[in-house]
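First comes the structure, then the notes that go with it.
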Amino acid sequence: MSQVYLNGAFMAPQEAHISPMDRGFLFADGIYEVIPAYNGVLFRFDEHLIRLERSLAEIAIHNPHSREEWRHLCETLIERNGGGNLSVYLQISRGATEKRDHAFPNPPVAPTVFMMTGAIAIPAADSPDTASGSKAITLDDIRWARCDIKSISLLPNSLLRQQAVEAGASEAILLRDGFVTEGSASNVFVVIADTIITPPKSHAILGGITRDLVVELCRSHHIPIEEREIPENQLRQADEIWVTSSTKEIVPIIQLNNAPVGDGKPGQVWKKVARHYVNFKRRLCGQDQE
Ligand code: PDD
């Protein structure tokens, strides 16, 4: 049976109870992380923890644990859920107060820490030669001005993803003022004339851990990559489009708004980068991913 972690104890999910006065529930006042583990080995843990520390600092929630304590909690949770390939969802809210007040509690209350695991489906990048790719649509980016904070306030992302699903697609690629920002739960890459382009990090996007690793791998393998703005017309004319995230890795988009991207199949540049990604992952976490 699966186990979750809540405020100091491991338990069955149905035993985990959180107060309705929790500011996470009332105000979506909290942040989260999703950290993948392969063969039970946490992948890019330090990078995820650095982002977690930054998100907490940006919204002034005290970090209740050291990095080593977080690692221990994540590893214990993975072990208690059978190891293998799992993602760890980790959420910290500002805690439960006696009365509802928009301003922070003063003095502060103990933050609420909740963690659970989820299964990771076998990513497309694991089999570049047989991957079929996914569909996406474009939508206006209706989110707030601090998308760099990994906030649990995901209503706009959720509405956007739902619109994509209802249109028969798996992701919404978001446009703000005529430029690509990111996906509803992913970062975006395009390939134009053999150069890979991804929007630069700013307050408009989440600094994705997978995004950063893709940039790093391309640079170390001398594959041309640029971090610059992508105007809408370049997105529409791109030879390849990919979206990246910790749970899906690098996904080739083969249809945008019902029109084929390139030749409508996962592209050659994607295949090359996917192979580097998988090799990197296997070096860190071992071969046996399935
Ligand atoms: N989401 N942008 C947004 C808005 C995201 O929600 C995510 C990931 C990313 C990719 O970040 P990373 O490579 O660090 O996973 C970009 C997670 C997986 C989620 O909400 O479940």
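The values are calculated or read from the model by the stated rules, or taken from the named source; none is laboratory data. The model shown is predicted, which means the values in this text are computed figures rather than measured ones. Cβ: placed from backbone, ideal geometry, glycine included. Neighbour counts: every protein chain shown.
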Expected single match for buried (at least 23 other Cβ atoms within 10 Å of the Cβ) and within 13 Å of the ligand (Cβ to nearest atom) among Ser186, Ser202 is Ser186
With respect to Leu217, is the statement that it is over 16 Å from Ile250 (Cα atoms) and either within 14 Å of the ligand (Cβ to nearest atom) or touching a Phe, Trp or Tyr at 6+ places or on another chain (Cβ under 8 Å) (or both) true? no
Could you check how many residues of the stretch 1-51 are hydrophobic (A, V, I, L, M, F, W, C), under 16 Å from Val88 (Cα atoms), over 14 Å from the mean Cα position of the chain (by Cα) and buried (at least 16 other Cβ atoms within 10 Å of the Cβ)? 5
May I ask you to list the residues in the stretch 63-84 that are more than 14 Å from Ser2 (Cα to Cα) and either outside any helix (DSSP H, G or I) or not assigned by TED's automatic domain parsing to the domain that holds Met21 (or both)? Asn63, Pro64, His65, Ser66
Report whether or not Ala164 is more than 9 Å from the ligand (Cβ to nearest atom) and in contact with a Lys or Arg (Cβ under 6 Å, 6 or more places away or on another chain). no
Quick test of your reading of the structure: Pro231 fulfils all but one of (1) in contact with a strand residue (DSSP E or B) (Cβ under 9 Å, 6 or more places away or on another chain); (2) within 16 Å of the ligand (Cβ to nearest atom). Name the failing condition by number. (2)
Just to verify a result, which residue in the stretch 90-145, among those that are in contact with a helix residue (DSSP H, G or I) (Cβ under 7 Å, 6 or more places away or on another chain), of a type in the set (Lys, Arg) and surrounded by 17 or more Cβ atoms within 10 Å (Cβ to Cβ), is farthest from Arg161 (Cα to Cα)? Arg94
Checking Ser158, Ser153 in turn, the sole residue that is under 30 Å from Tyr38 (Cβ atoms), at pLDDT 95 or above, within 15 Å of the ligand (Cβ to nearest atom) and in a loop (DSSP other than H, G, I, E, B) turns out to be Ser153
